[in-house]
Structures are given as C-alpha cells and as structure tokens.
Amino acid sequence: MTIKKSYEEINRKLKAGKAVILTAEEVSKMALEATPEEIAEKVDVVTTATFGAMCSSGAIINFGHANPPIRMEKIRLNGVPCYEGLAAVDSYIGAAACNPDNPKYGGAHVIQDLIDGKDVTLEAWAKGTDCYPRKHIKTTININTINELTMFNPRNAYQNYNVAVNTTKKMVHTYMGTLLPNLRIATYSTSGELSPLLNDPEFRTIGLGTRIFLGGTQGFVVWPGTQFHTTRPKNELGIPVTNAATLAVMGNLKEMSSEYLHAAYFDKYGVSLFVGIGIPIPILDADMAKRVSVNNSQIETSVLDYGTVGAPKLGQVNYAELQSGTITVKGKKVRTAPVSSIAKARKIAGELKEWLQKGDFEISKPVQMFPKETSLNSLKETEADND
Amino acid sequence: MIKKRYVLNFPTQSGDKAFTYHLVKDYDIRINILKAEVYPGKKGSLLLELHGKKENIEKGVEYLQNHNIKCESLDKAIQLDAENCIDCGNCTAVCFAGSLTMNKETWKLEFDKDKCVVCELCIPACPLNLFKIDFR
C-alpha cells in the first residue's frame with residue numbers, strides 16, 4: 001500500500017499526542033534496517049537542526065518615540081552603527097556591524113545583550129525638522145523599553161557548506177576558523193545528516209511560511225535566503241555537493257534565548273552570530289522518508305583551499321569521513337574540526353521533538369514553494385581603477 | 001612515576017641560577033621544556049613537564065618555590081569557561097597538540113590539559129573568548 005499523509009492528518013495526530021516523531025539522526029539509524037515505505041508508515045515528523053555562525057543575521061528594532069521626538073539619521077547602540085534609512089525610530093542592526101575602534105564587539109553582541117536583558121546605550125543624531133525638532137538623544141534602552149525586536153536573517157541554514165583547508169605556509173584567518181598552514185587542518189560547518197536542507201534537498205516541505213524553531217522560540221521561513229542557488233552540482237541522491245540553497249527567517253527576538261543564539265568574534269575576520277535553527281519535516285510519503293533517511297556517508301561536500309585566491313577545489317569528502325576526525329586531501333591525511341556545534345544542533349532537534357510531542361508546535365504547509373532553477377550572478381566590475 | 005606540567009615564573013634576579021639542572025641532579029626528575037620566554041632584566045616563564053617519583057616532584061617544586069619561583073600546575077594556569085562553551089569546535093582546529101578535542105559521541109569539547117603546550121592559539125581562536133592563560 002502506498003502511504004500518503006496530509007499536513008492536516010499529521011497535525012491531528014500531533015494534537016492528539018499520537019504522532020511518531022524522530023530526530024534526523026534517529027531516522028537515519030532506523031533506515032539501516034527499515035525501508036522508506038516502512039518508515040513512512042511508522043514516522044510522522046522528523047526534526048532537523050543546525051547551530052552555526054551565520055553572518056547574514058540581524059534585528060529590526062523600534063525604539064519608541066521620545067518627547068520631543070527625533071527622526072534618527074545616525075544611530076549607535078553601544079557604539080555599534082545601526083541602519084538609519086528607515087522611519088524615525090525604526091532601525092535594523094546587522095549581526096556583523098561594528099565600530100572599527102572596537103572590532104570585537106558588534107551587532108551580534110548588542111542583540112545578545114538585549115535578549116539577556118542588559119541595558120544598551122542608544123545614541124542618535126538628526127538634522128531636526130518641523131515635526132521631529134530634536135537633533136540629538138542619548139539614553140539607555142533594554143528589551144522591555146523598546147517596542148518590536150524582530151529577528152530577520154536574510155541568509156541562514158546553508159544547504160551544505162564547503163570544507164576549508166589552507167595549503168600555504170601562512171596561517172589564514174577566516175569565518176571557517178583559523179586555518180593552520182601546510183594542510184594541517186580541515187574545518188567544516190554543517191551538522192551533516194542533522195542539517196535541515198540536506199534532509200529535504202528539493203524543498204518538497206520547506207517553503208514560504210514554514211514554521212520553524214528559531215533561537216529558542218517559534219519562527220518562520222519567510223523567503224528563499226540570499227544567494228539561493230538550486231543548480232549546483234548534486235550527487236546521485238540529489239544532494240548538492242557544495243553550498244547551495246539558503247533560508248531567510250524571522251522570529252520574535254524577545255522570546256529567544258542566548259542558549260540558542262550566541263554572539264561570536266572570529267579573529268582577524270569579524271563579528272558573527274551563532275543561530276539555532278530547527279525544522280520539522282513531515283513524512284508525507286515514502287519519498288520524504290527516503291530523503292530524511294540520508295546518513296553522513298551519503299552527504300558529500302567540496303574541499304576548498306582558503307589560502308589561495310579563488311579558493312580552488314582540492315577534493316570531495318563525505319560527512320562520515322569529516323566526523324571521523326581525518327580526511328585525505330591530495331594524498332595527505334588531514335585532521336578535521338567542526339566549526340558549527342553538533343552538540344547544540346542535537347539539542348535543538350531534541351527540543352523541537354519535545355515541542356511537537358507536547359502538541360505545542362503545529363507543522364505548516366508552505367504557502368508558496370521556493371523557486372527552482374536559480375543561479376547566482378557575480379559582481380561585474382565596470383571601473384578600471386579597482387584593486 | 002608521574003608526569004605533570006608546571007608553569008614557572010622567574011623573578012628578575014634568577015636568570016643566573018641553573019634551576020633545571022638541580023631538578024635533574026638533586027631530585028632525579030626528567031624534564032621536558034615545552035615553552036620558554038625570557039625577558040632579560042625583567043622576568044622569565046617556562047613550561048616544564050616533570051616526569052619522576054611523586055615525592056621527588058613535590059620536593060623539586062618546593063625547591064623552586066623556596067627560590068621565589070612561582071610554580072603553578074598547568075591546569076591552574078590555563079582556564080576555560082566551560083559553562084559558556086557552545087562546543088563549536090573552533091579551538092580544536094588550532095590545537096595541534098591534541099589537548100582540545102571533540103568527543104565523537106557527544107560532540108562536546110574535551111580539554112586534556114596534560115597535552116597542552118601553551119601555544120596560546122586557542123585564545124584568539126575561540127569565538128566566545130573563553131580561554132584565559134596566565135603564562136607570563
């Protein structure tokens with residue numbers, strides 16, 4: 001018999017506490033002995049998760065109006081520049097923003113301070129208008145004094161990512177960590193078989209409006225992420241073998257916790273934000289069961305030389321090899337290190353499973369599916385005097 | 001026989017005495033110098049691995065302390081704020097000594113201080129700035 005389940009049917013089972021929910025790791029183990037048809041019959045939802053540094057993150061803030069009011073045209077939060085090109089007291093603080101005089105404290109740290117309940121200094125300047133006469137304000141804000149504090153991350157949850165190595169004689173400092181010279185380390189940043197977009201590689205269940213775990217609360221997928229690329233080379237299971245699709249996500253930062261959201265500073269690179277994301281995947285049929293059954297040895301990625309301009313590809317490895325601690329690159333054994341937290345990803349997948357089991361979390365059918373056949377443009381240079 | 005690592009901090013006036021010689025000769029301790037920094041006329045620091053009988057190592061350390069050498073076992077000199085660690089693994093990438101590793105079952109960070117050579121690469125490599133080392 002061919003199994004077909006609807007979102008409504010799965011939600012009814014969730015509400016009644018009768019749904020069977022597994023984490024992506026648990027279902028990968030189950031798949032060693034069960035067929036996709038058997039899994040589709042037994043399992044209703046599979047939880048996936050990731051906890052990695054995602055620079056393309058940030059927060060929309062509304063400060064509230066002072067009396068007399070100000071139309072903020074230059075804004076600093078604890079000295080970190082925020083975007084001033086919105087309405088009078090609306091702003092967006094990017095995770096990677098920083099004051100060049102204090103490069104180790106950036107937007108991500110401001111966001112974390114706010115969710116931790118700490119006071120933050122707001123300073124803003126303006127030219128003064130008839131309706132907004134004020135030219136300067138300096139005050140203290142915190143999570144309770146401001147109006148909205150909404151996370152909006154234009155690009156998160158990368159579907160696969162490259163492995164970084166360095167073949168040069170010099171240490172290289174990157175967002176993939178500090179890379180020792182002479183191929184002495186390979187770093188990787190995906191939670192492998194736990195990673196959301198590797199479990200639904202063709203986006204049959206993830207799209208606009210998908211309800212997700214975001215930073216410790218419920219959030220949503222709101223758009224394809226920036227640099228959304230669906231036509232990268234794929235393996236025989238349809239899984240891209242390099243960085244491909246991404247998600248834009250939103251959620252209420254006031255409900256998030258620094259347990260699942262953490263500011264970071266990468267030496268000689270800059271500030272970023274570790275973001276905890278969990279996505280439930282409904283097992284609608286045997287095809288979805290097959291997708292989520294994928295294990296680390298079936299997910300491959302590309303090894304790139306971050307020490308050389310253009311980051312040439314040196315090889316291809318799978319996540320079982322990466323997680324074993326050693327890979328072979330150009331005939332040489334190279335030690336590996338993760339740079340995204342697998343322990344936290346596991347915790348998120350477990351937490352989301354609990355929410356689903358309690359009936360606190362409804363799975364949602366996307367209101368619109370993602371575009372297919374997308375690719376990326378490079379930045380064209382029209383001036384002659386570039387570096 | 002035990003093996004233990006110590007961070008030694010020498011005061012200004014101690015550069016001319018052959019302390020390590022006495023550790024070997026008088027206390028029968030095998031020493032391995034893992035790191036040394038000398039600032040002439042100011043101070044000096046040494047990371048030593050001492051290998052010998054427990055009572056001999058204790059006496060040797062006492063001998064050093066009696067000569068105004070600050071002698072701290074390595075696990076006290078190097079601190080990781082483990083409570084705030086997110087187990088991302090960035091520090092394990094730079095730890096060529098194999099002191100910082102990820103547990104392959106739990107994917108939690110493990111810190112075997114007996115393997116640390118105080119290269120200090122983990123300090124800037126930790127994106128949360130959780131390592132503190134008191135070497136000089």
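Counting only lysines at least 8 places from residue A:138 when in the same chain, those with an alpha carbon closer than 30 Å to its own are A:74, A:104, A:118, A:127, A:254.
The HN-Hα couplings worked out from phi for segment B:27-40 by the Karplus form 6.51 cos²θ - 1.76 cosθ + 1.60 (θ = phi - 60°) are 10, 6, 9, 7, 10, 10, 7, 9, 6, 9, 9, 10, 10, x Hz, whole numbers, x standing for Gly and Pro. For segment A:1-54, the spread of Cα coordinates along the three principal axes comes to 41, 29, 17 Å, biggest extent given first.
For segment A:5-138, the alpha-carbon radius of gyration amounts to 1.70 times the rule-of-thumb value 2.2 N^0.38 Å expected for a compact globular protein.
Ignoring lysines fewer than eight residues from residue B:53 along the same chain, the ones with Cα atoms less than 22 angstrom from its Cα are B:3, B:4, B:25, B:70, B:76, B:113, B:115. For the protein assembly as shown, the list of Cys residues with no other Cys C-beta under 4.7 Å reads A:55, A:82, A:98, A:131, B:71, B:85, B:88, B:95, B:116, B:119, B:126. Take the convex hull of the alpha carbons in segment B:4-102; its mean projected area over all directions comes to 7.8 nm².
The residues packed around residue A:96, meaning those with a beta-carbon under 15 Å from its beta-carbon, carry a net charge of +2 if Lys and Arg are +1 and Asp and Glu are -1.
Rounded, prolate or oblate, given the Cα gyration tensor of segment A:294-387, with a/c below 1.5 counting as rounded? It is oblate, given that a/c is not under 1.5 and a/b is not larger than b/c.
When only the Cβ of Lys, Arg, Asp and Glu is charged (+1, +1, -1, -1), the dipole of segment B:5-96 relative to its Cα centre reaches about 400 debye. For chain A, a Gaussian network of Cα nodes joined below 10 Å ranks A:41, A:148, A:373 by mean-square fluctuation, and the top entry is A:373. Between residue A:381 and residue A:102, the simple spin-label model (points 7 angstrom out along Cα→Cβ) gives 3.6 nm. More than 13 Å apart: what percent of Cα pairs in segment A:218-277 qualify? Tail of P(r) above 13 Å: 73 percent of Cα pairs.
In the protein assembly as shown, helices alone account for a calculated mean residue ellipticity at 222 nm of -5000 deg cm²/dmol, with every DSSP H run of four or more residues adding -39,500 (n - 2.57). Residues whose amide H falls under 5 Å from that of residue A:23, counting only those 5 or more places apart or on a different chain, are A:47, with hydrogens built in the peptide plane. Working note: Karplus 6.51/-1.76/1.60 with θ = phi - 60° gives segment A:242-259 the couplings 7, 5, 9, 7, 9, 10, 9, 10, 9, x, 7, 4, 4, 9, 8, 9, 6, 5 Hz, where Gly and Pro are set to x.
Towards the positive end of the charge dipole of segment A:1-47, with charges on Cβ (+1 Lys, Arg; -1 Asp, Glu), say which of A:16, A:28, A:2 has the farthest Cα. Of the candidates, A:16 comes out farthest on the positive side.
For chain A, DSSP calls about 90 percent of its internal beta bridges antiparallel.
When the Gaussian network model of chain B links Cα atoms closer than 10 Å, the mean-square fluctuations of B:92, B:12, B:106 top out at B:106. Each Lys and Arg adds +1 at its Cβ and each Asp and Glu adds -1 at its Cβ; summed about the Cα centre, the protein assembly as shown shows a dipole of about 940 debye. Rg and Dmax over the alpha-carbon atoms of the protein assembly as shown stand at 26.8, 87 Å. Under 5 Å between amide hydrogens, built in the peptide plane, is the criterion, and for residue A:57 it picks out A:95, A:96 among residues at least 5 positions away or on other chains. Summing charges over all other residues whose Cβ lies under 9 Å from the Cβ of residue A:362, with Lys and Arg as +1 and Asp and Glu as -1, gives +1. Computed from backbone phi, the HN-Hα couplings of segment A:295-304 come to 10, 3, 6, 9, 10, 10, 8, 9, 9, 10 Hz, rounded to whole numbers (Karplus: 6.51 cos²θ - 1.76 cosθ + 1.60, θ = phi - 60°; Gly and Pro given as x).
Between residue B:44 and B:10, B:39, the built amide H atoms are under 5 Å apart, and every one of these is 5 or more places off in sequence or on another chain.
Pick out, from A:126, A:87, A:173, the residue whose Cα sits farthest towards the positive end of the charge dipole of chain A, with +1 on the Cβ of Lys and Arg and -1 on the Cβ of Asp and Glu. Positive-most Cα among the choices belongs to A:173.
Just so you know, all these numbers are worked out from the coordinates, no wet-lab data involved. Source: prediction; values computed, not measured. Quick reminder, even Gly has a Cβ in these numbers, built from the backbone with ideal geometry, and neighbours come from all protein chains shown.
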